[in-house]
Amino acid sequence: MARNKSIYDKFGVPTAINAVGTKTRIGGTKVREEAAIAMREAAKEFVRISDLQAHASDVIADITGAEAGYVSSGASAGLTLCAAACIAGQNLKTMSMLPADKPPAAEILIPKSHRNSYDRAIRLTGAKLIEIGNNDKTLGPGPSDLEVWEIESAISDQTAAIAYVARNDLPLEPIIEIADIHNIPVMVDAAGTLPPKDNLTEFIEKGADLVIFSGGKAIRGPQSTGVIAGRSDLITSIALQNLDMDAVLETWDPPKRLIDISSLPGVPRQGLGRGFKVGQEEIIGLITALKLFVEEDIEAKYEQWHETALQIGEALRNINGVSVSYSGTNKSSAVTNVVVKLNEDAIGLTSPELVLSLRRENPRIFVGDHEAHRGIFTINPMNIEADEAAYLVDRIRKNLRDR
Ligand SMILES: *Cc1c(COP(=O)(O)O)cnc(C)c1O
């Protein structure tokens, strides 16, 4: 494989071949060419960030069907901003208290089975996560993950929101139904749910108040971006807590459709979200990429990924001591992955050893290692370029044979 000279060569930093999908630790995604060009143009001018976020809000609203939207510095930052908005609303005093050990009304309910490492982003506000549901599906009939009464009985005057992670294990509708009765917002972490594209509108349609997506996964915007779609009053709260607020009250004049100052007693100073600022280049890059993602023929992409997976999988199948299967199919929304099982004794090399030696090459090669301890490695085709597939197979073969 003839690799073009890369900017990273100039800095002596090895590049990587990505066979693991969208992983932040190796750069997440390749920013769409058009988005990268737009970012370069964006860097040439000053612009009022609130004007740009107001425009992004219109674009996101149009695409998701939500009232409003906001560009965050990633989905994780989006979770923090959304939690802060649910806790503070338009209350300047509460905003000024965050993060607090005990902010007022800052309990956020979360299904026990939805606890994950990213919920730290919610707890950053000072919110206390209250687990709901027994998470005991495995007991058979009767108990389920989360029952309606369990949600209802956990709601109190301290409840600021209900957090939900989109992953098809628990229906969202009953949660929203109860939350609506009690006037409590529901925030949905949908960071990794694209594609399918339908998920851009799915959770909003079901009545979620805030939905968060990563901008640097399948959307292929800058990886330090996220998309928030939701209720306009909550988006206003996000803007108030994220934007630079070194403003003078008498001359403070943000775009009205993003921040209506007529109901505010003053300027909320640098808020909880100030550290998650988003640059003009990133906002432009994200909205450019988002529009292209919506227009893209995703079925053709699935087919292309499926073909790449087959090409690699069938070539690897010919190596002694290697067995190949596939997860996902080209017919569903799941991307076909190659699952490679090594006969470690016959080969004389373990899966973790192979994963590591690939990773130490130049360019580095990243394959999926979640099941390495079981003698398995995986290949996700989403970020493998046409000219990289044969090289990848060749390097795996060499590493298995020539040691
Ligand atoms: C990727 C992911 C995140 C973090 O997204 P970033 O855009 O990298 O901040 C949060 N939650 C879930 C479920 C994810 O898959």
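Each reported figure results from applying straightforward, stated rules to the coordinates on display, with no laboratory input. In this text, all values refer to a predicted model and were calculated from it rather than measured experimentally. Because the Cβ atoms are built from the backbone with ideal geometry, glycine has one as well, and the counts that use them run over all protein chains shown.
In this structure, does LYS277 turn out to be touching an Asp or Glu at 6+ places or on another chain (Cβ under 8 Å), within 16 Å of the ligand (Cβ to nearest atom) and over 16 Å from MET95 (Cα atoms)?
Considered against the rule, which asks whether it is touching an Asp or Glu at 6+ places or on another chain (Cβ under 8 Å), within 16 Å of the ligand (Cβ to nearest atom) and over 16 Å from MET95 (Cα atoms), LYS277 comes out as yes.
Tell me, yes or no, whether region 324-334 has at least one residue that is within 26 Å of GLY28 (Cβ to Cβ) and assigned to a strand (DSSP E or B). Walk me through how you get there before you give the answer.
Going through region 324-334, the residues within 26 Å of GLY28 (Cβ to Cβ) turn out to be 326-330, 332-334.
Pick out the ones that are also assigned to a strand (DSSP E or B) and you get 326-327.
So far as region 324-334 goes, yes, one or more of its residues are within 26 Å of GLY28 (Cβ to Cβ) and assigned to a strand (DSSP E or B).
Take the residues in region 118-128 that are within 13 Å of the ligand (Cβ to nearest atom) and farther than 14 Å from LEU272 by Cβ, then tell me which one is surrounded by the fewest Cβ atoms within 10 Å (Cβ to Cβ). Talk me through it step by step, then tell me what you get.
The initial filter retains those residues of region 118-128 that are within 13 Å of the ligand (Cβ to nearest atom), namely 118-122, 124.
Now narrow it down to the ones that are farther than 14 Å from LEU272 by Cβ: 118-120.
Numbers: TYR118: 15, ASP119: 19, ARG120: 12.
Within region 118-128, the match that is surrounded by the fewest Cβ atoms within 10 Å (Cβ to Cβ) is ARG120.
Can you confirm whether region 24-47 contains a residue that is farther than 21 Å from GLY226 by Cα, hydroxyl-bearing (Ser, Thr, Tyr) and surrounded by fewer than 20 Cβ atoms within 10 Å (Cβ to Cβ)?
no
Counting only residues that are within 16 Å of the ligand (Cβ to nearest atom) and surrounded by fewer than 17 Cβ atoms within 10 Å (Cβ to Cβ), how many does region 193-211 have?
Total satisfying the criteria: 1.
Name every residue in region 236-263 that is surrounded by 16 or more Cβ atoms within 10 Å (Cβ to Cβ) and part of a loop (DSSP other than H, G, I, E, B), in order of residue number.
Within region 236-263, LEU243, MET245, ALA247, PRO254, PRO255, LEU258, ILE259 qualify.
Identify the residue in region 212-235 that is away from the ligand (no atom under 12 Å from the Cβ) and crowded, with 24+ Cβ neighbours inside 10 Å and, among all such residues, is nearest to ASP198 (Cα to Cα). Walk me through it before giving the result.
Filtering region 212-235 down to residues away from the ligand (no atom under 12 Å from the Cβ) leaves 220, 229-235.
Still in the list and also crowded, with 24+ Cβ neighbours inside 10 Å: 220, 229-230, 234-235.
Details: ARG220: 17, ALA229: 14, GLY230: 16, LEU234: 23, ILE235: 22 Å.
Per the stated criteria, the residue is ALA229.
Please work out if GLU307 is surrounded by fewer than 16 Cβ atoms within 10 Å (Cβ to Cβ) and within 24 Å of the chain's Cα centre (by Cα). Step through it out loud before you land on a result.
Values: surrounded by fewer than 16 Cβ atoms within 10 Å (Cβ to Cβ): yes; within 24 Å of the chain's Cα centre (by Cα): no.
Considered against the rule, which asks whether it is surrounded by fewer than 16 Cβ atoms within 10 Å (Cβ to Cβ) and within 24 Å of the chain's Cα centre (by Cα), GLU307 comes out as no.
In this structure, is ASP345 of a type in the set (Asp, Glu), farther than 17 Å from TRP305 by Cα and exposed (fewer than 13 other Cβ atoms within 10 Å of the Cβ)?
yes
Considering only region 1-117, give the strands (runs of 3 or more DSSP E) lying wholly within it that have at least 3 residues that are away from the ligand (no atom under 16 Å from the Cβ).
Values: elements: 16-19, 68-72, 107-111.
Once the strands (runs of 3 or more DSSP E) in region 1-117 are filtered for at least 3 residues that are away from the ligand (no atom under 16 Å from the Cβ), what remains is 16-19.
May I ask you to say which residue of LYS291, LYS301 is charged (D, E, K, R), within 20 Å of the chain's Cα centre (by Cα), in a helix (DSSP H, G or I) and surrounded by 15 or more Cβ atoms within 10 Å (Cβ to Cβ)?
Step by step, each of LYS291, LYS301 is checked, and only LYS291 is charged (D, E, K, R), within 20 Å of the chain's Cα centre (by Cα), in a helix (DSSP H, G or I) and surrounded by 15 or more Cβ atoms within 10 Å (Cβ to Cβ).
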